[in-house]
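Read through the structure below, which is laid out as structure tokens, and then see the notes.
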Amino acid sequence: MRNSFKGLRPFSEILFSSLMQAEKLSNRGSLMKPKVLVTREVFDEVLNYLSQYFEVTSNPSDIPMDSNTLSEKLYDKEGALITLSDKIDATLLSRCPNLKAVCNIAVGYNNIDLDACTKARVMATNTPGVLDDTTGDFTWALILATARRLTEAEAYLRNGQWDGWKLKQFLGLDVHHATLGIFGFGRIGQVVAKRAIGFEMKIIYHDIQEVPPEIEKACHANYVSKEELLAQADIVTIHVPYSPATYHLIGERELEQMKPTSILINASRGGVVDDSALIDALRKGTIAGAGLDVFENEPKLNPHFLELKNVVLSPHIASSSRNTRVKMAMLAAQNLVAALNGKTPPNLLNPF
Ligand code: DGY
């Protein structure tokens, strides 16, 4: 009897091997999803969305990765959701053979070498549009706080120095009816201008080219040269992208062309302003004050800023409302999904 089953495998062995087969298949299901890296902490809804399409490696500890760690983590990945703290250059790309797309959670993309991406056939994307209003609002927070010396006055009060009302206490700069000079008249610059209409300001702007008359009209703004803007504005606010062309757009020479009563606002990128020259100008009274959300070599800002009373400082948070940061991360995720599904991502930056 036994011999008649010779050559047949026992049932338990068959069952075990079928189970192994099933497990292999289900593993293969998940292995077949492209692997992607999310380099910094993001919102759960974004991770959940990405997990529908990809095998996701995330970074819940939110510790920024240096270039070596980033390339190790990206070695076997097809895509990445990145932030401005991740430098994507030719060296990194040469170490990531499977990489097809890097999707920045930011509108600025000076952390990405676009030429190197194009050569490596890696798509690069950003998140334009979704943060304009929020960044414009925050620019106004900086303008008002700097013009009216809000943080300086608050520190005085918190330190227990306030001993009563004084006529000449914390005399500031009037914002209403002042002249607002906007460097960079793209989407964010225009939002800042529209908010200025409520303050009945004179609005002037400078950019590499004039915007169409209907936009000027909607923003109540007039084009002027760089020199005219610096000489006329009571408040100079910067909204240009960072590139070799805008490196130190505002340096010693430009600061000297500004009025001694004027203030400078920067919520664009560190490097657009020469921070050492600005510190000098704030010390000497070349200009009255500055409101800064971005710095050269951030997060290690020049420590001399901390010694100055006439500067309002914030840690690169202009776009940081909950709604907007979710929108930015979600838009970056949608770009990644499109890129790895053979579609043109909505915010592709380099030619493909
Ligand atoms: C951007 O989107 O470029 C912002 O600076 C990120 O905060």
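The values are calculated or read from the model by the stated rules, or taken from the named source; none is laboratory data. Remember, predicted model here, so these are calculated numbers, not experimental data. Here Cβ is always computed from backbone atoms with ideal geometry, including for glycine, and neighbour counts include all displayed protein chains. Areas reflect the complete protein model, heavy atoms only, side chains present, ligands, DNA and RNA absent. Shrake-Rupley method; radii C 1.70, N 1.55, O 1.52, S 1.80 Å.
Observations
- For the residue pairs Lys194/Lys259; Lys226/Lys259; Lys33/Lys100; Lys226/Lys309, the alpha carbons lie more than 19 Å apart in Lys194/Lys259; Lys226/Lys309.
- Most to least packed among 261-271, 119-129, 299-309 [average Cβ atoms within 10 Å]: 261-271, 119-129, 299-309
- Estimated purely from DSSP H runs of n ≥ 4, each contributing -39500 (n - 2.57), the mean residue ellipticity at 222 nm for the chain is -11000 deg cm²/dmol once divided by its residues.
- Sorting the segments 284-293, 154-163 by their mean number of nearby beta carbons within 10 angstrom, highest to lowest, gives 284-293, 154-163.
- Accessible surface for segment 190-339, divided over its residues, is 46 Å² per residue with a 1.4 Å probe.
- Label zone at Asp66 (point 7 Å along Cα-to-Cβ), backbone N below 20 Å, segment 83-101: 83-96
- For Leu306 and Leu171, the difference between the fully extended length at 0.36 nm per residue and the C-alpha to C-alpha distance is 46.5 nm.
- Accessible surface of segment 209-284, 1.4 Å probe, proportion on carbon and sulfur as whole %: 52 percent
- Each label was represented as a point 7 Å from its Cα along the Cα-to-Cβ direction; for Tyr223 and Ile197 these points are 2.1 nm apart.
- Peptide ranges 82-89, 142-149 listed from the most packed, as the mean C-beta count within 10 angstrom indicates: 142-149, 82-89
- Accessible area of segment 96-149 belonging to carbon and sulfur atoms, whole % at 1.4 Å probe: 50 percent
- Only Cα pairs under 8 Å and 6+ residues apart enter the sum, and on that basis the relative contact order of the chain stands at 17 percent.
- Between 0 and 90°, nearest 10: helix 11-31 axis offset from the chain longest Cα axis: 20 degrees
- DSSP beta bridge pairing in the chain, given as percent antiparallel to the nearest 5: 5 percent
- Using alpha-carbon coordinates, inclination of helix 275-284 to the longest axis of the chain, degrees: 30 degrees
- Separation in nanometres of the label points that stand 7 Å from Cα toward Cβ, at Ala155 and Ile215: 3.8 nm
- Centre-to-centre separation between the Cα atoms of segment 186-235 and those of segment 284-344: 22 Å.
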